[in-house]
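A.B. asks: Here's a structure for you.
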Amino acid sequence: GTNFAAAATINKEAAAASIRRDQSRASDRITRTNMDEPMVVSQLLQDESDKVANFLALVGEHTLSLSVVGQPPLREVWILRFLIGFKWNTKIAAEKFTRMVEWRVKFGVDAIRSRMIDGIVPKDFPGYQAHHSGYVHSTFDLCSGAAQRGSPISIECIPKFDFETLFAIDDGTQDNYLIHVMEWSFFRLDQCFLKTGRFIGYVKIFDLTSCAMKHVQVVRRWNQINNERIVRFGVDVNECYPEWFNRVMIVNAPSFFSVIWKVLRPFLPARTVEKVGVESNVTKARERLLLVVDESVLPSFLGGSFDGEWRMLP
């Protein structure tokens, strides 16, 4: 028992140290875009006008004209997402942006965006029923409110998922549903930008209550599926949607979390890794969550007082 407890402590400390090392590598320019203080998009672009001009020259007006995200009024915030997401390396950011636009054209993503503007909601997405029968009511956006800085909140209780059901869904349905979900998330973020002019991302909460060692194999399987999808798409879809999250909070982490983190980390964008916080202690997890989310908004199972409906917002 003593040896196991010591090993568990070492595992937790190793994972925390690994995350701290990743976080410490953020550049000064990235540090300026504080997760808790949404930046004014136009001001930040003005401050970095030389890099923005270089980025636009590399991308070219033709590419920008091919998608709604390259045109006003969304152009500014999408440019900024790629510049921040790829650490202000204009060459890499421009290459990723160009591939993103090509992918949107190939897969008709602008048409999906148009349907969202016209009123389509997540329950109408192709593949919604198949996926949510596997999610077992354990993945949702909060409709009780936003985080304290205006960020939408998304929660996933991953250990509750029926992974056999999810893995049995055919590739075409999985791909189409994923495109809709990611586009919906950025449709919401774009609406936040249009209302506030600020750079806003999601607060993402992963609740790992009841996580077991068997889920390490699930993570490996998920990574395999992700790699296969990259081949089908011709692009890593995560790179088409940089700066999705302002903050990622992993709560109720098990003692062996460092094993999961070792498998998962290589598949996460560097900027996402920098934003991850892990807490295994229930009391401390609640304290950290309440620094970001008001108690009236946070679900009761995470230590808040909200007992209402959980769903993807319409």
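A.B. asks: Once you order the gyration tensor axes a ≥ b ≥ c over the Cα atoms, which shape class does the stretch 157-314 get: rounded for a/c under 1.5, otherwise prolate or oblate by comparing a/b with b/c?
C.D. replies: In terms of gyration-tensor shape, oblate.
A.B. asks: Here's a follow-up. Quick check on the chain: helices-only [θ] at 222 nm, where DSSP H runs of length 4 and up contribute -39,500 (n - 2.57) each and the sum goes over total residues. Nearest 500, please.
C.D. replies: Calculated at 222 nm, the ellipticity per residue is -16500 deg cm²/dmol.
A.B. asks: Another one. How many angstrom lie between the C-alpha centres of the stretch 202-253 and the stretch 87-107?
C.D. replies: The two parts, judged by their Cα centres, are 21 Å apart.
A.B. asks: Just for the chain, what percent of DSSP beta bridges are antiparallel, to the closest 5?
C.D. replies: 25
A.B. asks: Short version: ³J(HN,Hα) in whole Hz for each residue of the stretch 154-162, in order, from phi by Karplus 6.51 cos²θ - 1.76 cosθ + 1.60 (θ = phi - 60°), x for Gly and Pro, what are they?
C.D. replies: With the stated coefficients, the stretch 154-162 comes to 10, 10, 10, 9, 4, x, 7, 5, 8 Hz.
A.B. asks: Relative to the longest principal axis of the chain, what angle (0 to 90°, nearest 10) does the C-alpha long axis of helix 109-118 take?
C.D. replies: Between the helix axis and the principal axis of the chain, the angle is about 80 degrees.
A.B. asks: Pulled fully out, how much extra length does the chain show between Val231 and Lys160, if you take 0.36 nm times their separation in residues and subtract their Cα-Cα distance?
C.D. replies: Stretched out fully, the Val231 to Lys160 stretch lengthens by 22.7 nm.
A.B. asks: What's the extension gain from Thr173 to Arg75 if we count 0.36 nm per residue and subtract their Cα-Cα distance?
C.D. replies: 32.3 nm
A.B. asks: Related question: Rounded, prolate or oblate for the stretch 194-273? Axes are the square roots of the Cα gyration tensor eigenvalues, ordered a ≥ b ≥ c, and the cut-off for rounded is a/c under 1.5.
C.D. replies: oblate
A.B. asks: Next question, about the same structure. Considering only protein heavy atoms and a probe of 1.4 Å, how much of the accessible area of the chain is carbon and sulfur, as a whole percent?
C.D. replies: Here it works out to 53 percent.
A.B. asks: Classify the stretch 125-188 from the C-alpha gyration tensor, please: rounded if a/c falls under 1.5, else prolate or oblate depending on whether a/b exceeds b/c.
C.D. replies: Here the stretch 125-188 falls in the oblate category.
A.B. asks: Give the ranking of Phe233, Phe301 by solvent-accessible surface, highest area first, calculated with a 1.4 Å probe.
C.D. replies: Most to least solvent-accessible, the answer reads Phe301, Phe233.
A.B. asks: Need the list of lysines near Lys262 for cross-linking: C-alpha distance under 25 angstrom, and skip anything on the same chain fewer than eight residues off.
C.D. replies: Lys12, Lys87, Lys160, Lys204, Lys214, Lys275, Lys284
A.B. asks: Right, something else. In nanometres, what is the gap between the two model label sites at Glu61 and Asn223, each 7 Å from Cα along Cα-to-Cβ?
C.D. replies: With each label point 7 Å from Cα toward Cβ, the separation is 4.6 nm.
The values are calculated or read from the model by the stated rules, or taken from the named source; none is laboratory data. Keep in mind it's a predicted model, so treat the numbers as computed, not measured. Please note: Cβ atoms are built from the backbone with ideal geometry, for glycine as well, and neighbour counts cover all protein chains shown. Keep in mind that these areas ignore ligands, DNA and RNA; they rest on the heavy atoms of the full protein, side chains included. Shrake-Rupley method; radii C 1.70, N 1.55, O 1.52, S 1.80 Å.
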